[in-house]
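The values are calculated or read from the model by the stated rules, or taken from the named source; none is laboratory data. As the structure is a prediction and not an experimental result, all values here were calculated from the model. In this analysis, Cβ positions are derived from the backbone assuming ideal geometry, glycine residues included, and neighbour counts consider all displayed protein chains. Just so you know, the surface numbers come from the protein's heavy atoms only, side chains and all, with ligands and any DNA or RNA stripped out. Shrake-Rupley method; radii C 1.70, N 1.55, O 1.52, S 1.80 Å.
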Amino acid sequence: MLYDVVIIGAGPAGLSAGIYCGRSRLSTLIIEKTKVGGQAAITSEIENYPGGDAEETGPSLIGKMVQQAERFGVQRVADEITAVDFSGGEKKVTGKKGEYTAKAVIVASGAFPRPIGCPGEAEFIGKGVSYCATCDAAFFEGLETFVVGAGDSAIQEALHVARFARKVTVIYRRSQEEMRAAKSLLQKAFDNPKFSFIFHSVVKEVRGETGVLDTIIIENTQTGELTEFHAEEDDGTFGLFVFVGFVPQTDIFQGKLAMEGGYIVTDENMLTNVPGVFAAGDCRAKSLRQVVTAAADGAIAAVQAEKFIEGH
């Protein structure tokens with residue numbers, strides 16, 4: 001089947017694009033390899049999305065978007081895209097389950113958490129190391145936890161962890177003055193008695209003698225001094241939550257689309273360097289990665305895709 005538009009990714013950008021495409025009566029297919037909603041689906045609170053109520057969560061907002069897209073006839077399929085061919089008038093997208101063809105493609109593949117890259121990290125994922133507070137914070141009820149990072153996402157996640165953990169220690173490689181999170185978020189953390197901070201430090205290694213994380217080795221970036229933190233005997237473990245940025249999921253587009261640091265380059269209309277191919281959301285080069293900007297990207301990409309199709 002030849003679709004008008006194929007959308008790669010079902011996060012806020014992809015779903016927003018689908019809503020606008022479906023509303024314009026374009027035959028539209030959204031392809032998502034993992035959970036619908038992307039990063040938003042694992043975000044506990046979304047306080048800054050315009051129009052959202054006080055209890056709005058990532059899953060609740062995504063659920064509304066999915067219902068809207070379905071209402072407008074948008075189709076969805078679960079598949080992992082392995083190759084794309086944007087060279088012809090009809091764009092071909094190949095997945096593990098099949099091939100999809102469209103007049104226009106919107107790439108909304110998002111980004112995934114960046115690991116620290118230290119010894120032991122991969123070994124203890126799910127055994128103390130986590131990249132999602134919403135998913136795993138409850139497992140550390142009453143325990144000590146560490147959070148790596150100092151941007152908006154890191155502090156937001158740390159505040160969520162603090163609802164469960166008895167102590168949250170934020171580790172940051174720079175000074176307190178260089179913390180990048182919004183002042184309002186930082187103030188909440190500073191005012192919370194569960195919080196403590198270790199500055200000018202990075203995690204060098206994580207270990208566990210019994211199959212779960214029980215040791216973190218931290219290096220002072222100014223002095224090179226190493227400090228070991230051990231889980232208390234009664235606890236047996238603690239949590240390490242990592243929030244140091246994201247890696248764009250754009251590998252399959254290398255050599256196919258113009259990139260900048262792994263992110264897809266677009267103009268203000270979300271058009272890539274290939275006619276008929278648009279990019280939206282966290283996978284594209286931009287200054288702010290939030291649900292609201294992803295949704296806006298998706299809407300713009302959909303409108304421009306419709307104009308492209310009408311002109312060809």
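So which pairs qualify, if the first residue must be in segment 144-165 and open to solvent by less than 10 Å² (accessible area, probe 1.4 Å), the second must be among the acidic types (Asp, Glu), the Cβ gap must be under 9 Å, and the two must be at least 6 apart or on different chains?
From residues that are open to solvent by less than 10 Å² (accessible area, probe 1.4 Å), the pairs are Val147/Glu157; Gly149/Glu157; Ala150/Glu178; Val161/Asp136; Ala165/Glu141; Ala165/Glu144.
Going residue by residue through segment 98-106, is there one that turns out to be closer than 24 Å to Thr293 by Cβ, surrounded by 14 or more Cβ atoms within 10 Å (Cβ to Cβ) and among the β-branched types (Val, Ile, Thr)?
From segment 98-106, those closer than 24 Å to Thr293 by Cβ are 104-106; that's our starting set.
Keeping just the survivors that are surrounded by 14 or more Cβ atoms within 10 Å (Cβ to Cβ) gives 104-106.
Restricting the remaining residues to those that are among the β-branched types (Val, Ile, Thr) gives 105-106.
The answer is yes, given that some residue of segment 98-106 is closer than 24 Å to Thr293 by Cβ, surrounded by 14 or more Cβ atoms within 10 Å (Cβ to Cβ) and among the β-branched types (Val, Ile, Thr).
Please note which strands (runs of 3 or more DSSP E) are completely contained in segment 90-179 and include at least 1 residues that are closer than 30 Å to Asn269 by Cβ and basic (Lys, Arg).
Of the strands (runs of 3 or more DSSP E) lying wholly inside segment 90-179, those with at least 1 residues that are closer than 30 Å to Asn269 by Cβ and basic (Lys, Arg) span 91-95, 99-107.
Limited to segment 37-78, what total is found for residues that are crowded, with 18+ Cβ neighbours inside 10 Å, small (Gly, Ala, Ser) and either in a helix (DSSP H, G or I) or touching a Lys or Arg at 6+ places or on another chain (Cβ under 7 Å) (or both)?
Summing the residues that are crowded, with 18+ Cβ neighbours inside 10 Å, small (Gly, Ala, Ser) and either in a helix (DSSP H, G or I) or touching a Lys or Arg at 6+ places or on another chain (Cβ under 7 Å) (or both) in segment 37-78 gives 5.
One line per residue, one yes/no per condition, for (1) over 28 Å from His312 (Cβ atoms); (2) of a type in the set (Asp, Glu); (3) out of contact with any Asp or Glu (no Cβ under 6 Å at 6 or more places or on another chain):
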site: Arg23; (1), (2), (3): no, no, yes
site: Ser27; (1), (2), (3): no, no, no
site: Lys33; (1), (2), (3): yes, no, no
site: Gly51; (1), (2), (3): yes, no, yes
site: Pro59; (1), (2), (3): yes, no, yes
site: Ile62; (1), (2), (3): yes, no, yes
site: Gln67; (1), (2), (3): yes, no, yes
site: Val77; (1), (2), (3): no, no, yes
site: Ser87; (1), (2), (3): no, no, yes
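So Leu213 ticks every box in (1) more than 13 Å from Gly128 (Cα to Cα); (2) open to solvent by less than 90 Å² (accessible area, probe 1.4 Å); (3) part of a loop (DSSP other than H, G, I, E, B); (4) not polar (S, T, N, Q) but one. Which box is left unticked?
Only one criterion is unmet by Leu213, namely (1).
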